[in-house]
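For reference, the structure is listed below as structure tokens.
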Amino acid sequence: MKSLYIDKEIKYTGKELSPHWIYKNFHICSDAIVAFIGEVEVNLGEMVDIEDVINNEPIYSKKMLNFIIERFEVPLSEMVWCQRLFVSIIKEALEKRGVRLIRDGDDLFYNNKKLSVSIATKSITSSLIHTAINIVPDGAPIEVSSLSEMGIDNIKALAQDIMDAFCAECESIHLAKCKVRGVVE
């Protein structure tokens, strides 16, 4: 698993959650995770969460820390497990910084307000995750919490810690698969 923090702001519209977006834009041809800061505006036409479409709930936030993960040869069910693990890693990284959070599935909450959005999906060539954390609460259609409210201002360091922990977890899982002997009856 390769990782990259992108120093330029990128507006996330949902189109970025597509196969090979990381490869085409950042030349990483591998399972990968990237992080970047930017406005998030996902209109219903770009939503992959059908429940949000049915409920007419587009996503908007003025400034979020975004993560896109792409993995090849991974079924959607495994990618949803991966998504839950990733959200748990984010929770741990923030708790190490003294923040108390609640995780409910793939959502994080701070002071009973939603902090994050996350979706896992499947493309024809890969499985993908987009997860984003509010940096500021501005513009969200619902009351949300944010990293600024928590006093977290070194966003790049937070993103790097999260990506490093996720990559280490992926490597550890790979090692756990490779080191065992199969059993037969």
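Structure notes:
- Cα gyration tensor, segment 71-185 - rounded (a/c under 1.5), prolate or oblate: prolate
- Placing unit charges on the Cβ atoms only, positive for Lys and Arg and negative for Asp and Glu, gives the chain a dipole magnitude near 440 debye about its Cα centre.
- A Gaussian network model of the chain, with springs between Cα atoms under 10 Å, assigns the largest mean-square fluctuation among Asp52, Asp164, Asp138 to Asp52.
- Prolate/oblate/rounded call for segment 6-106, Cα gyration tensor, a/c under 1.5 rounded: rounded
- Gained length - Asn154 relative to Ala168, 0.36 nm times residue gap less alpha-carbon distance: 2.9 nm
Values quoted throughout were computed directly from the atomic coordinates according to the rules given, and no laboratory measurement underlies them. Everything numeric in this text was worked out from a predicted model, so none of it was measured. Backbone-built Cβ (ideal geometry, glycine too); neighbour counts: all protein chains shown.
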